[in-house]
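**Q** Got a structure for you, questions after.
Taken together, the values in this text are just the output of simple stated rules run on the coordinates, not laboratory data. Since the structure is predicted, the reported quantities are computational estimates derived from the model, not experimental observations. Cβ sites come from the backbone with ideal geometry, for glycine too, and all protein chains shown count toward neighbours.
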Amino acid sequence: MYQSLDLFQTAGAMARHAGARQATVARNIANADTPGFQAQSIAPFKDSYRAAQATQMRATRAGHFMDDASRASATRTQIATGTPSPNGNTVSLEEELLNSVAVAREHNRALTIYRHTMTVLRSSLGRG
């Protein structure tokens, strides 16, 4: 029942997107000393959601017309711009730590939306 509600789908998409961004940040930090490594980034959820809305119609239920490949296109990894160090590495640890905090906030926001939606459903059913 609750999987078909748009708010649950959005909260789930936000959480998955935050997970993908956190994995990218972790990969950047892990390769901070790798010569020639290019830092990567994924756009924030709000930007990728807007881009997906502008170019594609959204599915109203699973198996409609939007498959996993089209969802994944909104979370593509891009090469981040940055000043390379002498060994050609473009990872800035300070910037990656700030990105990590921003991603944690996005994930917490997704959980808050999910919890709030559950509270509204419980209240509407009289199980407050």
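**Q** Work out from phi, with θ = phi - 60° and the Karplus expression 6.51 cos²θ - 1.76 cosθ + 1.60, the ³J(HN,Hα) of each residue of segment 28-39, listed in order in whole Hz, and give x for Gly and Pro.
**A** Per residue, the Karplus-derived 3J(HN,Hα) values read 5, 5, 5, 9, 4, 9, 6, x, x, 6, 9, 4 Hz.
**Q** Treat each spin label as a single point 7 Å out from the Cα along the C-beta direction, and report the Leu121 to Ile79 distance in nm.
**A** Inter-label distance under the simple model: 4.4 nm.
**Q** Which length gain, in nm to one decimal place, applies between Leu98 and Asn31 when the Cα-Cα distance is subtracted from 0.36 nm times their residue separation?
**A** Stretched fully, the Leu98-Asn31 segment lengthens by 22.5 nm.
**Q** Around Ala39, what is the net charge, scoring Lys/Arg as +1 and Asp/Glu as -1 over all other residues with Cβ under 14 Å from its Cβ?
**A** Result for the local shell: -2.
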